[in-house]
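The values are calculated or read from the model by the stated rules, or taken from the named source; none is laboratory data. Fair warning: this is a prediction, and the values are worked out from it, not measured in the lab. Please note: Cβ atoms are built from the backbone with ideal geometry, for glycine as well, and neighbour counts cover all protein chains shown.
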Amino acid sequence: MTNPVEPDTTNQFDVRIDHKISDSDSIFGRLSFSNNHLTPPGEIPPPIDAADFASGDFLNNARNVVLTETHIFTPRIVNELRLGYSRNRSERLQFNSDKNLSAQYGIPGIPFGPTNGGLPQFNIYDVGTSFGSAEYQPTVEIQNVYQIIDSLSLIRGRHTFKIGAEIKPRVNFTILQPPYPRGEFDFSGNATHDANPDNNSGLGTADFMLGILDNAILSSFIDNTFQQPGQFYYVQDDFKVTKN
């Protein structure tokens, strides 16, 4: 019997700066920082674990920087330039991700790396349960976005023109999410059933005690990286039908 807790810790802050350089120029800046650490428990505590993707050691770290410069050419011509950078790192790690438990417990041939500790996943069919570290863990996602936005406003009579562009020179997204990074072992009872093929006498638990697998699978450990830079432009005209 266990009575697990679910620690959830967030550290965050925002810093803002407003400065008027002259009657024609002003700047604005903001830095946002957030670190979140969550450790939801599973039905079976570590080091055995419940092979549950919803439990583990989770991180979500976000950063955002914005700098804006506003220049007044004339009362009717104003330009605003914005520079931005956003980064997010999200990790969904299994418990004991930094410990080679497979080698410790005498399970040979299981890959181990900086985030690939823990155990393989074991599926025992007759008891309808799984244990060990979950599939698709570790999952590590990293996103970096750079932005340049410029907007020019012009007033001409009854017209207010806005001309602008948004440039994203770099939009990078990287994900590491191997399906079976430490392997998965299935015990169905095929090794312990009697000679009658229509008889369900075999037990997955017995196969597990004998160490006889019905199926095993292991996947590669590869990062997938995506890039999607972009350019966006607009022209807008607000027209006043009447002067008032």
Legend entry - Residues that are among the basic types (Lys, Arg) and in a strand (DSSP E or B), drawn from the range 124-173: Arg156, Lys162, Lys168, Arg170
Inset, instruction - Evaluate the following for Tyr136: is it touching a Phe, Trp or Tyr at 6+ places or on another chain (Cβ under 7 Å), among the hydroxyl-bearing types (Ser, Thr, Tyr) and either touching a residue at least 24 places away in the same chain (Cβ under 8 Å) or surrounded by fewer than 15 Cβ atoms within 10 Å (Cβ to Cβ) (or both)? - result: yes
Legend entry - Residue, surrounded by the fewest Cβ atoms within 10 Å (Cβ to Cβ), within the range 217-240, restricted to residues that are part of a loop (DSSP other than H, G, I, E, B) and modelled with pLDDT under 85: Ile222
Inset, instruction - Considering only the range 1-99, give the strands (runs of 3 or more DSSP E) lying wholly within it that have at least 3 residues that are among the acidic types (Asp, Glu). - result: 8-20
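Quick grid of which residues meet (1) under 17 Å from Arg87 (Cβ atoms); (2) of a type in the set (Lys, Arg):
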site	(1), (2)
Asn3	no, no
Arg16	no, yes
Ser22	no, no
Asp25	no, no
Leu31	yes, no
Glu43	no, no
Ser55	no, no
Phe58	no, no
Val65	yes, no
Inset, instruction - Taking the options Ser220, Ser151, name whichever one is hydroxyl-bearing (Ser, Thr, Tyr) and farther than 30 Å from Ala50 by Cα. - result: Ser151
Inset, instruction - Go through the range 156-212 and give me each residue that's under 30 Å from Asp223 (Cβ atoms) and among the charged types (D, E, K, R). - result: Glu166, Lys168, Arg170, Arg182, Glu184, Asp186
Inset, instruction - Filter the range 175-213 for residues that are surrounded by fewer than 17 Cβ atoms within 10 Å (Cβ to Cβ) and charged (D, E, K, R) and give the result. - result: Asp194, Asp198
